[in-house]
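Q: Would you mind keeping the following structure in view while I ask a few things?
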Amino acid sequence: MSDNDLKTRILFVCLGNICRSPLAEALFLHKIRSRKIEHLFTVDSAGISNLHKGQKADPRTLANANNHGIEIVHRARQFQALDLQKFDKIVTMDQANRSKVLRHVSSNHDLLKVSLLLDHVPGMEGMAVPDPWYGGEEGFEEVFGIIDLGTEHFLASVLKKI
Ligand code: 4NP
């Protein structure tokens, strides 16, 4: 068995892959690094659309994360059907992203991989991480708090099962 077989492979998904999901990836990485358990995971993010393919995260997301001491190192890429085979858990930011991912699901095994980030937060099940792209700076700060909370609870739920 190789090290890779032991890793839990996690993909965060939003629409553009420049605001919410790269931040979720970076916050999750930050949490597993600070617990010294990064060897247990492969973490990535992707967007349903290919509009921002190859781009760095939105400057407002980068600046807000930086204010919190979080570095985002990611280039946008589009979600592919193959991601359902490559990853163990696909964590989507809102219902529209989840529906698009679910179109590619062909087994119950794959279906069980897909969730909303806030499904992992008691009392927030079924809720969306709002899309900050069209709004002002305060939206980015609000989204940071929501994704920080969501990734904390998601990590706790993953750790219970491995
Ligand atoms: P994200 O935000 O899905 O959190 O990356 C968006 C980024 C870009 C667009 C929409 C949402 N857009 O329409 O280009």
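The values are calculated or read from the model by the stated rules, or taken from the named source; none is laboratory data. All figures in this text were calculated on a predicted structure; none of them were measured in a lab. Because the Cβ atoms are built from the backbone with ideal geometry, glycine has one as well, and the counts that use them run over all protein chains shown.
Q: Kindly provide the set of residues from the stretch 73-112 that are farther than 10 Å from L11 by Cβ, within 16 Å of the ligand (Cβ to nearest atom) and of a type in the set (S, T, Y), ordered by number.
A: Listed by number, the list holds a single entry, S99.
Q: Considering the stretch 98-107 alone, what residues qualify as being surrounded by 13 or more Cβ atoms within 10 Å (Cβ to Cβ) and either touching a helix residue (DSSP H, G or I) at 6+ places or on another chain (Cβ under 9 Å) or closer than 13 Å to F28 by Cβ (or both)?
A: Of all residues in the stretch 98-107, those surrounded by 13 or more Cβ atoms within 10 Å (Cβ to Cβ) come to 98, 100-102, 104-105.
Residues satisfying the conditions are V101, L102, H104, V105.
Q: Taking the condition of being closer than 17 Å to Q55 by Cα and either touching a strand residue (DSSP E or B) at 6+ places or on another chain (Cβ under 6 Å) or among the basic types (K, R) (or both), how many residues in the stretch 16-28 meet it? Lay out the reasoning, then the answer.
A: First pass over the stretch 16-28, keeping only residues closer than 17 Å to Q55 by Cα: 16-26.
Filter once more, keeping what is either touching a strand residue (DSSP E or B) at 6+ places or on another chain (Cβ under 6 Å) or among the basic types (K, R) (or both): 16-17, 20-22, 24-25.
Summing the residues that are closer than 17 Å to Q55 by Cα and either touching a strand residue (DSSP E or B) at 6+ places or on another chain (Cβ under 6 Å) or among the basic types (K, R) (or both) in the stretch 16-28 gives 7.
Q: If you scan the stretch 129-151, which residues turn out to be within 12 Å of the ligand (Cβ to nearest atom) and closer than 24 Å to R9 by Cβ?
A: V129, I146, I147
Q: From the residues in the stretch 84-97 that are part of a helix (DSSP H, G or I) and in contact (Cβ under 8 Å) with a residue 60 or more places away in the chain, which one is surrounded by the most Cβ atoms within 10 Å (Cβ to Cβ)?
A: At the first step, the residues of the stretch 84-97 found to be part of a helix (DSSP H, G or I) are 84-86, 95-97.
Retained after the next criterion (residues that are in contact (Cβ under 8 Å) with a residue 60 or more places away in the chain): 86, 96-97.
Numbers: K86: 12, A96: 14, N97: 29.
The residue in question is N97.
Q: Then there is this: Given the criteria among the polar types (S, T, N, Q), away from the ligand (no atom under 12 Å from the Cβ), surrounded by fewer than 12 Cβ atoms within 10 Å (Cβ to Cβ) and modelled with pLDDT of 95 or more, does S115 qualify? Break it down into steps so the answer makes sense when it comes.
A: Working: among the polar types (S, T, N, Q): yes; away from the ligand (no atom under 12 Å from the Cβ): yes; surrounded by fewer than 12 Cβ atoms within 10 Å (Cβ to Cβ): no; modelled with pLDDT of 95 or more: yes.
Considered against the rule, which asks whether it is among the polar types (S, T, N, Q), away from the ligand (no atom under 12 Å from the Cβ), surrounded by fewer than 12 Cβ atoms within 10 Å (Cβ to Cβ) and modelled with pLDDT of 95 or more, S115 comes out as no.
Q: Scan the stretch 45-67 for residues that are within 11 Å of the ligand (Cβ to nearest atom) and among the hydrophobic types (A, V, I, L, M, F, W, C) and jot them down.
A: Those that are within 11 Å of the ligand (Cβ to nearest atom) and among the hydrophobic types (A, V, I, L, M, F, W, C): A46, I48, L51, A57.
Q: Which is away from the ligand (no atom under 12 Å from the Cβ), part of a loop (DSSP other than H, G, I, E, B) and in contact (Cβ under 8 Å) with a residue 40 or more places away in the chain, of I70, I32, I10?
A: Working: I32 fails: part of a loop (DSSP other than H, G, I, E, B); I10 fails: part of a loop (DSSP other than H, G, I, E, B).
Just a single option satisfies the conditions, and that option is I70.
Q: Just checking, does the stretch 46-56 include any residue being touching a Phe, Trp or Tyr at 6+ places or on another chain (Cβ under 8 Å), part of a helix (DSSP H, G or I), under 20 Å from F154 (Cβ atoms) and modelled with pLDDT of 95 or more?
A: Residues of the stretch 46-56 touching a Phe, Trp or Tyr at 6+ places or on another chain (Cβ under 8 Å): 46-48.
Next cut, part of a helix (DSSP H, G or I) only: none.
No: the stretch 46-56 contains no residue that is touching a Phe, Trp or Tyr at 6+ places or on another chain (Cβ under 8 Å), part of a helix (DSSP H, G or I), under 20 Å from F154 (Cβ atoms) and modelled with pLDDT of 95 or more.
Q: Would you check which residues across the stretch 30-74 are charged (D, E, K, R), within 14 Å of the chain's Cα centre (by Cα) and under 13 Å from R20 (Cα atoms) and list them?
A: D44
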